[in-house]
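Before any comments, here is the structure.
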Amino acid sequence: MQTLFLLAAFSIGMAVPFQAGANALLGRTLGHPLWATLVSLLVSLLCVLPLLLWFRVPAAKFPAVSALPWWAWSGGLWGAAFVTGALLLVPRIGAAPFMLCVVAGQVLISVAIDHFGLMGLPVKAANPGRIGGVALVLLGAAWLQWAGRGEG
């Protein structure tokens, strides 16, 4: 089952560069990246609403949200920052360098989040293997940038 979950995550990761490319074109067409961010997030909303109905998801427990830490509300902020960042950066640096830097940043901070058990997640020590994995991802990001010098 773990393999299936990993394949699902890999597949989702494969979709993200398409999102960045589609949003970049949308931003150019609409005249500003922030319009594309808004449209992208509205389309996300329109995709989720039917799923709530289809799966008969019970009503949200809104009274419980008052007990949440402040950072629990930041998911939408980070999503909007990612979409807007992709809109601004992909046309300038390309999809591959952008995505590899995104992944490198995600891996680096994820190991730190795991190591310290931040955001209510279980602690997973940043052992030499995990640190080596982060180093390889960062090296890959640097290599991709170096290999693309002088292009475009």
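Here are the numbers for the structure shown:
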{"item": "Checking Ile131 against (1) under 22 Å from the mean Cα position of the chain (by Cα); (2) closer than 30 Å to Gly27 by Cα, the condition it does not meet", "result": "(2)"}
{"item": "Filtered residues of region 83-103 (kept if farther than 23 Å from Gly148 by Cα and free of Cβ contacts under 8 Å to residues at least 60 places away in the same chain)", "result": "Thr84"}
{"item": "Among residues of region 41-73, those that are of a type in the set (S, T, N, Q) and at pLDDT 90 or above, counted", "result": "1"}
{"item": "Some residue of region 15-30 being surrounded by 14 or more Cβ atoms within 10 Å (Cβ to Cβ), touching a helix residue (DSSP H, G or I) at 6+ places or on another chain (Cβ under 7 Å), in contact (Cβ under 8 Å) with a residue 12 or more places away in the chain and over 25 Å from Gln145 (Cβ atoms)", "result": "yes"}
{"item": "Residue in region 91-111 that is assigned to a helix (DSSP H, G or I), farther than 21 Å from Val137 by Cα and over 20 Å from the mean Cα position of the chain (by Cα) present", "result": "no"}
{"item": "Residues that are on the phi < 0 side of the Ramachandran plot and assigned to a loop (DSSP other than H, G, I, E, B), drawn from region 112-152", "result": "Leu121, Pro122, Val123, Lys124, Ala125, Ala126, Asn127, Gly148, Arg149, Glu151"}
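Each row is one residue, and each column tells you yes or no for (1) assigned by TED's automatic domain parsing to the domain that holds Phe18; (2) surrounded by 12 or more Cβ atoms within 10 Å (Cβ to Cβ); (3) more than 23 Å from Gly13 (Cα to Cα).
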position	(1), (2), (3)
Val65	yes, no, yes
Ala81	yes, yes, no
Gly85	yes, yes, no
Leu89	yes, yes, no
Leu138	no, yes, no
Ala141	no, yes, no
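The values are calculated or read from the model by the stated rules, or taken from the named source; none is laboratory data. Bear in mind the structure is a predicted one, so any value in this text is a computation, not a measurement. FYI the Cβ positions are ideal-geometry reconstructions off the backbone, even for glycines, and counts take in every protein chain you see.
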